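Each remark here refers to the structure printed beneath this line.
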Amino acid sequence: MSAGLKPKQVASILNIGEQKLRYWRTKLDPNPHRSEFSVPDLLAFRIIQVLIEIRHFSTQDLEKFQLIGLFEWCHVTDIDQIKNSSLMINDNLLTIEFLGEADVVNLDDLYTHYIKLKTIVDMHFRQLHSLGCENWKKRIINVRAMDKRAKYPIQSELNIETAPSNQTFVN
């Protein structure tokens with residue numbers, strides 16, 4: 001028996017149409033032909049949803065970024081660490097980086113967006129809980145244990161780089 005989520009379930013959880021999910025998968029998913037999704041995949045799509053629907057990035061904007069790193073990061077990072085992280089998106093360099101609490105950022109850079117993930121993750125798992133998915137944390141642990149299939153191998157480019165010391169800390 002499979003533990004993965006079907007595309008229809010993912011669309012329902014994200015409260016979007018199946019056609020929109022299909023479009024996002026075609027344009028943004030590093031593995032667009034998969035038939036099942038894990039809970040970490042679902043979280044990556046939730047972050048994409050926030051970037052599109054709340055932060056007003058277009059799908060075409062996000063296509064320019066290498067989003068495989070977002071999916072990999074959601075697979076290999078502990079959920080509590082994700083909650084305490086931020087995304088740093090640089091429109092000029094077309095990069096997405098994952099910052100921890102102590103990483104420094106340049107708040108004066110007009111091309112860079114900083115998005116704290118705590119609110120997104122909390123909202124996401126409150127919705128999963130309300131839909132009867134109380135065992136989400138167990139599913140994440142199980143997915144990571146099974147992830148030896150090398151679908152999302154840990155890569156050195158996922159390492160977080162800190163900004164130069166003349167920059168300020170995010171509060």
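Yes/no matrix, rows are residues, columns are (1) at pLDDT 70 or above; (2) more than 20 Å from His75 (Cβ to Cβ):
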| site | (1), (2) |
| --- | --- |
| Val104 | yes, yes |
| Leu110 | yes, yes |
| Tyr114 | yes, yes |
| Leu128 | yes, no |
| Arg139 | no, no |
| Val143 | no, no |
| Met146 | no, no |
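In segment 96-112, how many residues are in contact with a helix residue (DSSP H, G or I) (Cβ under 9 Å, 6 or more places away or on another chain) and surrounded by fewer than 16 Cβ atoms within 10 Å (Cβ to Cβ)? Give the derivation first.
Of segment 96-112, the ones in contact with a helix residue (DSSP H, G or I) (Cβ under 9 Å, 6 or more places away or on another chain) are 96-98, 100.
Of the ones still in play, those that are also surrounded by fewer than 16 Cβ atoms within 10 Å (Cβ to Cβ) are 100.
Final tally of qualifying residues: 1.
Could you give me the residue pairs with C-beta distances under 7 Å whose first residue belongs to segment 74-92 and is open to solvent by less than 10 Å² (accessible area, probe 1.4 Å), whose second residue is part of a loop (DSSP other than H, G, I, E, B) wherever it lies, and which are 6+ apart or on separate chains?
Short answer, once both residue conditions are applied: His75/Tyr152; Ile82/Leu117; Ser85/Gly100; Ser85/Leu117; Leu87/Leu117.
The rows are residues; the columns are (1) touching a helix residue (DSSP H, G or I) at 6+ places or on another chain (Cβ under 7 Å); (2) within 14 Å of Cys74 (Cα to Cα).
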position: Lys6; (1), (2): no, no
position: Ile13; (1), (2): yes, no
position: Gly17; (1), (2): yes, no
position: Trp24; (1), (2): yes, no
position: Lys27; (1), (2): yes, no
position: Leu42; (1), (2): yes, yes
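Given Ile68, Ile82, which one is at pLDDT below 95 and more than 28 Å from Gly132 (Cα to Cα)? Steps first, please.
On the way: Ile82 fails: more than 28 Å from Gly132 (Cα to Cα).
One residue alone meets the criteria, Ile68.
Output the helices (runs of 4 or more DSSP H) that fall wholly within segment 30-104 and possess 3 or more residues being of a type in the set (A, V, I, L, M), under 18 Å from Ile120 (Cα atoms) and out of contact with any strand residue (DSSP E or B) (no Cβ under 8 Å at 6 or more places or on another chain), or say none.
On the way: elements: 39-53, 59-63, 68-76, 79-83.
By residue number, 39-53.
Here's a check for you: in segment 14-38, which residue that is under 15 Å from Leu128 (Cα atoms) and open to solvent by 10 Å² or more (accessible area, probe 1.4 Å) is nearest to the chain's Cα centre (by Cα)?
First, pick out the residues of segment 14-38 that are under 15 Å from Leu128 (Cα atoms): 14-16, 37-38.
Narrowing further to those that are open to solvent by 10 Å² or more (accessible area, probe 1.4 Å): 15-16, 38.
On the way: Asn15: 17, Ile16: 17, Ser38: 12 Å.
Result: Ser38.
Based on what the data block shows, is Val121 part of a helix (DSSP H, G or I), modelled with pLDDT under 80 and closer than 23 Å to Ala11 by Cβ? Break it down stepwise before answering.
Details: part of a helix (DSSP H, G or I): yes; modelled with pLDDT under 80: no; closer than 23 Å to Ala11 by Cβ: yes.
Here the answer is no, as Val121 does not meet what is asked.
The values are calculated or read from the model by the stated rules, or taken from the named source; none is laboratory data. Being a predicted model, the structure only gives us computed values, none of them experimental. Ideal geometry is used to build each Cβ from the backbone, glycine not excepted, and the neighbour counts take in all protein chains shown. All accessible areas refer to the heavy atoms of the entire protein, side chains included, with ligands and DNA or RNA removed. Shrake-Rupley method; radii C 1.70, N 1.55, O 1.52, S 1.80 Å.
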